[in-house]
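Since the structure comes first, as structure tokens, the remarks are kept for the end.
Readers should treat all values here as calculations from the given coordinates under stated rules, not as data from a laboratory. Model, not experiment: these values are computed from the prediction. So basically every Cβ, Gly included, is an ideal-geometry build from the backbone, and we count neighbours across all protein chains shown.
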Amino acid sequence: MSRQVAPVPIQRVIAAHLQLTILNGPLDQAKFRENGREYYERWVHTYPYPCDAVRPWIPSQHETIIDKMQDELERLDSMHCAWYIVALDNRLHLATLRPGPLRILDIGYGTGIWAVEMKKRYPDSKIIALDIGNDHPTVDVDGRPVDYGVDFLPGVDFMQDVLDLEEGSFDFIHAGMLHSSVEALETGKTLSAGLLVSGQAEFVELDWTPRCDHASSPGSSEVSQWWRAMQIASTSLGKPLDYPADIEAIIQRAGCTVVNHRVINVHTAEDIIDLDSEDPQNWITRWYRYFMFVPTFKTVKGMSMVLLTRQLGWSPEDVAALAVRVNYQLNHTLSPYYHDL
Ligand SMILES: C[S@@+](CC[C@H](N)C(=O)[O-])C[C@H]1O[C@@H](n2cnc3c(N)ncnc32)[C@H](O)[C@@H]1O
């Protein structure tokens with residue numbers, strides 16, 4: 001998509017971010033622990049999903065190592081590989097960017113992997129990345145401080161903090177896996193505030209709706225029940241997980257023109273006729289299955305716990321039990337479900 005309004009300087013945008021970051025201070029990154037996972041204290045209503053990194057907890061007598069380990073950051077990096085390396089064929093974006101140094105904004109940077117990779121590919125460009133969290137890389141594998149050349153702005157909520165922005169000068173705005181980010185970006189006015197007149201924005205989102213083309217699609221399946229509960233819970237929180245059906249209208253209301261809307265099917269099971277197939281579709285599925293079903297990632301349970309316990313009053317045990325059954329169905333060799341990316 002591209003924007004159709006007048007360009008303006010970015011300095012005020014950055015100043016606003018920096019000021020907010022300083023004012024908020026390190027306490028805003030405080031995490032709390034609930035039902036075995038960690039969440040950002042200040043932002044659990046904005047982002048009701050885990051934000052823990054692996055740590056060497058010693059399991060108690062009744063726990064296994066698997067119970068104690070969850071690495072949300074590695075899970076996010078695996079998703080990055082699934083989408084950008086495999087599904088998008090080693091492209092970090094589909095938009096054609098103009099040559100020359102660019103100003104690029106990554107909204108909701110997560111581990112920072114997209115922003116760091118972009119800096120490698122566009123070394124002369126200014127890459128700014130913001131997130132409510134602060135999980136961007138600050139040290140290398142040997143623990144030495146490292147500077148990837150990206151301006152990371154932690155502790156920034158694009159829904160609120162960026163609301164003050166009236167104008168901007170980014171050539172490219174990217175948002176990946178923010179869950180309903182497009183709708184939220186429109187609400188937050190980040191889109192029309194941030195882009196240059198010739199600028200473009202790109203969203204990479206997995207629509208978590210479990211789709212099924214088979215006539216046998218069991219409306220009463222555990223997967224359907226889970227998704228229905230997630231829809232109700234996330235909507236009641238004001239953060240619907242549903243991918244908006246009128247996505248293009250939303251983008252146009254934000255003052256942009258839709259240039260390209262590409263949908264890639266992400267199947268939950270591989271093509272069992274040709275399991276060894278190197279078909280890209282199979283590769284996408286392999287990566288999907290990795291970040292979904294590696295036991296330490298606890299993806300379904302992690303996605304569901306806060307939403308279903310806090311919004312619908314479920315017990316943690318019921319959420320955990322449903323997650324096991326959902327995993328069983330989605331992880332089945334013959335699972336008929338797919339998602340749209
Ligand atoms: C699922 S992660 C995806 C991270 C990264 N974009 C990726 O694709 O790997 C979503 C990220 O968005 C951030 N986020 C969610 N809502 C936000 C908001 N309102 N403002 C800033 N960051 C937000 C979360 O902290 C989290 O790091």
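Within the shell of other residues whose beta carbon sits under 9 angstrom from the beta carbon of residue 341, the net charge comes to -2, with Lys and Arg scored +1 and Asp and Glu -1. Put in line by how crowded their Cβ is, counting other Cβ atoms within 10 Å and starting with the fewest, 75, 33 read 33, 75. Going down the table (120/239; 119/301; 31/239), which pairs top 31 Å between alpha carbons? Where the Cα-Cα span goes over 31 Å, the pairs concerned are 120/239; 119/301. Residue exposure proxy: 293, 158, ordered by other Cβ atoms within 10 angstrom of their Cβ from fewest to most, comes out as 293, 158. At full extension, residue 246 and residue 324 could sit 24.8 nm farther apart than now, given 0.36 nm per residue minus the alpha carbon distance. Listed from fewest to most Cβ neighbours within 10 Å, the set 104, 85, 284 follows the order 85, 284, 104. Projected label points at residue 34 and residue 151, each 7 Å from Cα along the beta carbon direction, are separated by 3.4 nanometres.
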